[in-house]
Amino acid sequence: MAWSTRIRLRTAVVLTAVAGLLAASAQAAPAQFVTVSNPVISQRADTAIYKHTDGYYYMTASVPDYKRVELRRATTLQGLRSAATANAFVAPSSGALSGWIWAPDIRFYDGAWYMYFSASPGTARFDQRLYWIRNTCANPMSCAWSAPQRFTTGWESFQLDPASFVNRGVRYFVWAQDSPDTNFNSHMYIARMNGATGITGTVTEIARPTFNWEKEGVAGVVEGPSPLVKNGRVYIAYSASATDSRYKLGLLSSWDNVDLLNPASWYKHPNPVFQTANGVYGPGHGSFTVAEDNTTDMLVYHARDYATPTPDALTDPNRHTRMQQLYFRDNGDPFFGQPIPSTVTAPGIRGQYSNRCVDNYNFDTTPGALVRLYDCSGNAAQEWEFNYKGVSWYEIRNRNTGTCLDDLNSSTASNADVGLYACNGSTAQRWEIQDRGSGWFSLRNVAGNMCLDDYNWNAANGARLSLYPCNGLGAQLWRRG
Ligand code: AHR
């Protein structure tokens, strides 16, 4: 074959491959409107959800009497509410596991199912120790689990809240444990796993209570590690303070390319990232998963619907499982926002000053139709799909029009119009989440370099929305809800 023909053929092959890649990248990554009816599961706390390659969500949690390791599965998150349950382990009437069983976790490692949990003797219900059980069936609901075996950490003391994750092919185990060096209830530790049933090498402390908001109602609590590997970072959300309305989430951050066993690799954010608000009390100890589109990140947590648990913060059974979308702010860190109340199933973009929602006014489908403020209703005009398109920005699509929130004409003039236009990925439709504290956020438009603004601080129905230089004031503060 002549060289010229060979070159032409090779060129054709390369061009075909490139075309295929371009076509694939041009296909919008799946996303979805996130609607959740909270609470999703009543009286299930410390909820762990693991989405498996078989398409099922596997869920376990603490149960009110702390006497079982319960498992359920469903193909949708809402489906977990009514899913059948199975007991992977039931506490015996005596012995080392006859007391309380807390905070199971479920993982699929090396071709088998594993559940990790803490348990205590009936004679000393707080003397918790870590255990593991295994199930080799494809569907772990369908056959028996092995008998519990100790998961040893290297020293004997109150230990709880097992979790694990994989980063760059290395499996890590994280947990909370009482340290002999302090009077705090718990510190947080990480170690590499040895297979699926133990740890090996260095045990590193990555957090201990240092802030007052970690010591409310207790000597000091950092527990409930929830790992998330995203955007080249490794995050561990954790729970702090007493398990009443003072319970809240904190956040540890590291990088996916550093030594995670070096304490200096971890940064603890100085403020809580998720806490009581909107009639949701003591949110904490959950896990992360993805929605049914396998793309949209979801936060799973428990909370109560009232402030004062009775008879106490542990034996009050009404910590219910709740879920909502997890966002990522402009620097790529997770942004938790505020708990969404039980009355909201289709969260809008609600203004702090107006307490009204960003609305496709009059259901106007005309290209360029302006968005305005209106009473929050949860109808399609106020439903927005936050489609995470890159480390720092979202495309925000309206359910009624199917079009995207847009800095019309990519204006950079103060008080510019904001409307809806065919989604095109342009910078006029790129919105960055700015963390403004206490779960409030601003939306900065990339083209205009300005923030979504309640123009003239007008709280009335039909009030105009605009873009204005970002100032963090109430007219530019929003929450999902
Ligand atoms: O829910 C039981 C225990 O209470 C969990 O293990 C811990 O996270 C919380 O303090």
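The values are calculated or read from the model by the stated rules, or taken from the named source; none is laboratory data. Source: prediction; values computed, not measured. Note that we place each Cβ from the backbone using ideal geometry, even for glycine, and neighbour counts take in every protein chain shown.
Here are the numbers for the structure shown:
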quantity: Checklist (1) under 24 Å from Pro225 (Cα atoms); (2) among the polar types (S, T, N, Q); (3) within 25 Å of the chain's Cα centre (by Cα) applied to Ser82, failing item; calculated: (1)
quantity: Tally of residues being of a type in the set (Val, Ile, Thr) and outside any loop (DSSP other than H, G, I, E, B) across region 92-145; calculated: 3
quantity: Complete set of residues in region 58-99 that are within 16 Å of the ligand (Cβ to nearest atom) and not charged (D, E, K, R); calculated: Met59, Thr60, Ala61, Ser62, Val63, Pro64, Tyr66, Val69, Phe89, Ala91, Leu97, Gly99
quantity: Pair list, Cβ < 8 Å and 6+ apart or interchain, from region 41-65 residues that are closer than 22 Å to Ser98 by Cβ and in a strand (DSSP E or B) to residues that are away from the ligand (no atom under 11 Å from the Cβ) and of a type in the set (Lys, Arg); calculated: Thr60/Arg72
quantity: Given (1) over 23 Å from Leu443 (Cβ atoms); (2) modelled with pLDDT of 95 or more; (3) of a type outside the set (D, E, K, R), number of the condition Gly286 does not satisfy; calculated: (2)
quantity: Count of region 222-261 residues which are small (Gly, Ala, Ser) and under 20 Å from Phe173 (Cβ atoms); calculated: 7
quantity: Subset of region 121-147 (residues that are within 16 Å of the ligand (Cβ to nearest atom) and either closer than 22 Å to Ile49 by Cβ or under 29 Å from the mean Cα position of the chain (by Cα) (or both)); calculated: Phe126, Gln128, Arg129, Leu130, Tyr131, Trp132
quantity: Filter pass, Ser157 being within 16 Å of the ligand (Cβ to nearest atom) and over 28 Å from the mean Cα position of the chain (by Cα); calculated: yes
quantity: Region 113-156 - residue that is in contact with a strand residue (DSSP E or B) (Cβ under 6 Å, 6 or more places away or on another chain) and of a type in the set (Gly, Ala, Ser) and, of those, surrounded by the fewest Cβ atoms within 10 Å (Cβ to Cβ); calculated: Gly154
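For every residue, the table says whether it meets (1) assigned to a helix (DSSP H, G or I); (2) within 14 Å of the ligand (Cβ to nearest atom); (3) among the aliphatic types (A, V, I, L, M).
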| residue | (1), (2), (3) |
| --- | --- |
| Gly195 | no, no, no |
| Thr200 | no, no, no |
| Val203 | no, no, yes |
| Val229 | no, no, yes |
| Ala237 | no, yes, yes |
| Asp244 | no, yes, no |
| Leu249 | no, yes, yes |
| Leu252 | no, no, yes |
